[in-house]
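The values are calculated or read from the model by the stated rules, or taken from the named source; none is laboratory data. Please read all numbers here as calculations on a predicted model, not as lab measurements. Cβ: placed from backbone, ideal geometry, glycine included. Neighbour counts: every protein chain shown.
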C-alpha cells in the first residue's frame, strides 16, 4: 500500500512539474506599451484616436517602418517601390514639396504615371482633425462606407489607387508576410503575428498621429521664450482683425494654434465651376449642399515655408502669390463663402508694407525642428 501511495505521489509531482515547465516555455502574449501623446501648450485636448486603435509604442514603431518601406506597394523591383514617404517628405512637413525630384511642380503621380486629383496636404497635427481627410473631406464621418471614414482607411486606398501605388492588397499582405521582421513586429503591436492590411493601416495611422508640429517661433513666443519683431507683431494684428488680413475666421489664431478650423470654404478663387455637375472632387460631392460647390479644406498655415505649392490645385507657387490673391484677386461667385468679407473689393487691399508684415508673421509659424526630428524619420529597414 505504501508503494502505491509513493508512486501516486511521485506521478503527481512529475505531472505538476511538467505543466509548470510547459507554462514557462509557452510564449506569452505580448503586452503593448501605451504611447502617450503629450499635448503642447495651448493645443486642444480632444484627440481623434479611434477606440479600436489605441496608441502603443509597438504600433507606432511598426507604422513608422511601414511608412518608409517601399515594399508597401506589393513589389520588390527598385523601379516599382512606393510608400507613404515617396510623396510625403519630412523636409517638406510631410508634403511633396515644389522641388520633388520625380514630380514636376510638386504634383505627385502614381506608379502608373497618373497624377493625383489634387496637390498634397501635409501630414502634421492630424490627431486634432475631426472633420475628415483630404481636401474635400471625402474620407470622413459623412462617408456612408465604413471603410472610408478614418485615417486608417487611407492606407488601403493608397495601395489600390491607380494614381498612387496601383497595387493589390493581397499581394502587399503576402509580401509583408515573407519579410522576416514583420510577423514579429505585428505580434508585438497587435498580439498576433497575423498580417492584415487593416492592421498595417492602423499602425501607419498611429505613426502619423505622432507627427506633431508645435515648436515654431510663434509657439515659443506664446510660451514666453522669445519675442516677435515689430514687423511680425504688426503682421499678427493684421492676421487677427477683419479690417486687416481677415485670416483668422478660417485659419484660427492664438486661440486655435492649429491655424486651421479644418472646415471647408469656397475662398473665391474662381467664378465658374464644373463641380455641381461633373467634378467629383470638391466638398459639394461629399455633402450634396450646393453652397459647397468649389469648397475645399482650409489647410493649416503652419510650416508654409516648406509646403509650396499652395491651394488644392497648386496654382500658387510662392507665398507672395497667395498673399497677392487674397489682397486683390478674389473672384465673385454665388458660391463664395460668407466669411470672404472683402469679396466686393476683390480682396483685403493691404498696403505693400502691411503685406510684408503679414508675410513676416506667417513665416513665424514654421517649425524647423519638426522637419529634422529623427523620431519622424526613416526607421532601419532590413
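Observations
- Residue 308 vs. criteria touching a helix residue (DSSP H, G or I) at 6+ places or on another chain (Cβ under 6 Å) and modelled with pLDDT of 95 or more: no
- Restricting the search to helices (runs of 4 or more DSSP H) fully inside the stretch 2-110 and requiring at least 2 residues that are modelled with pLDDT under 90 and surrounded by fewer than 17 Cβ atoms within 10 Å (Cβ to Cβ) gives 2-25.
- Selected residue (only one of 310, 284, 236, 265 is touching a strand residue (DSSP E or B) at 6+ places or on another chain (Cβ under 7 Å) and either without any contact (Cβ under 8 Å) to a residue 60 or more places away in the chain or surrounded by 15 or more Cβ atoms within 10 Å (Cβ to Cβ) (or both)): 310
- Test: residue 337 is surrounded by 16 or more Cβ atoms within 10 Å (Cβ to Cβ) and out of contact with any helix residue (DSSP H, G or I) (no Cβ under 7 Å at 6 or more places or on another chain): yes
- The stretch 119-133 - residue that is touching a helix residue (DSSP H, G or I) at 6+ places or on another chain (Cβ under 7 Å) and assigned to a helix (DSSP H, G or I) and, of those, nearest to residue 40 (Cα to Cα): 127
Residue-by-condition table, conditions (1) without any contact (Cβ under 8 Å) to a residue 40 or more places away in the chain; (2) at positive phi; (3) in contact with a strand residue (DSSP E or B) (Cβ under 8 Å, 6 or more places away or on another chain):
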{"position": "76", "(1), (2), (3)": "no, no, no"}
{"position": "92", "(1), (2), (3)": "no, no, no"}
{"position": "111", "(1), (2), (3)": "no, no, no"}
{"position": "115", "(1), (2), (3)": "no, no, yes"}
{"position": "120", "(1), (2), (3)": "yes, no, yes"}
{"position": "123", "(1), (2), (3)": "no, no, yes"}
{"position": "127", "(1), (2), (3)": "no, no, no"}
{"position": "137", "(1), (2), (3)": "no, yes, yes"}
{"position": "151", "(1), (2), (3)": "no, no, yes"}
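- Residues in the stretch 204-232 that are out of contact with any helix residue (DSSP H, G or I) (no Cβ under 7 Å at 6 or more places or on another chain), surrounded by fewer than 22 Cβ atoms within 10 Å (Cβ to Cβ), in contact (Cβ under 8 Å) with a residue 40 or more places away in the chain and assigned to a helix (DSSP H, G or I): 217, 219, 221, 222.
- When restricted to residues that are buried (at least 16 other Cβ atoms within 10 Å of the Cβ) and in a helix (DSSP H, G or I), the stretch 340-355 contains 3.
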